[in-house]
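Inspection log for the structure reproduced underneath, given as structure tokens.
Readers should treat all values here as calculations from the given coordinates under stated rules, not as data from a laboratory. This one's a predicted model, so the numbers in the text were calculated from it and none came from an experiment. Glycine gets a Cβ as well: all are built from the backbone with ideal geometry, and neighbour counts include every protein chain shown.
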Amino acid sequence: MRLLKLVISNKYVIFAIRLTLGFVFIYAAIDKIAQPGAFAENIYNYRMLPHWAINVMALVMPWLELICGVLIIAGVFLRGSAFLIGLMLGVFIIAISAALVRGLDISCGCFTMEGGHGVAVDLLIRDVLMFAGAAIVLFLGTSALSLRRGAD
């Protein structure tokens, strides 16, 4: 346990987690920003939101993913971006879990709007691992290796 804490509190490990989360969220945002209508359809397919919220979510969430991805890589507003990434991952975990329980055969809408990966347990595992990474950055992250003035 002590070794695990030592590893996850290492500034280079945390930086690697930041890079991974940041690039995943930036990559995920690109196709959603380019195709908001298709992303809205993917959101609709989960059958979890009221109709009025679907378009708002399809327009806002990709930009939030992009901004948080850039900020977590840069180490600027680190805790805020880690918190928002964790919050989004929590929503994704709930949505994927609900789709699995209800047996929905839908595209996850994670990275590409056309075709793409269907909802499956591997997506749930991936998102839980990224959620753990966001929690590590949120609670153990420092300004080391960041663009923030006065960083290590």
**the stretch 67-137: mean projected area of Cα convex hull, nm²** = 4.8
**Request:** Calculate how steeply helix 11-34 sits against the longest principal axis of the alpha-carbon atoms of the chain, using the helix alpha-carbon long axis, and give the answer as 0 to 90 degrees to the nearest 10.
**Result:** 30
**Fill in**
Along the dipole axis of the chain (charges at Cβ: +1 for Lys and Arg, -1 for Asp and Glu; origin at the Cα centre), the most positive-end residue among ALA28, ASN42, VAL13 is VAL13
**Asked** Between the helical axis of 121-140 and the dominant principal axis of the chain, each derived from Cα atoms, what acute angle in degrees is found, rounded to the nearest 10?
**Response** 30
**C-alpha long axis of helix 78-102 to longest principal axis of the chain, angle in °** = 40
**Fill in**
Inter-part gap, Cα centre of the stretch 23-46 to Cα centre of the stretch 83-104, in whole angstrom, is 15
**Asked** When N counts the residues of the stretch 11-140, how does its alpha-carbon radius of gyration compare numerically with 2.2 N^0.38 Å, as a ratio?
**Response** 1.02
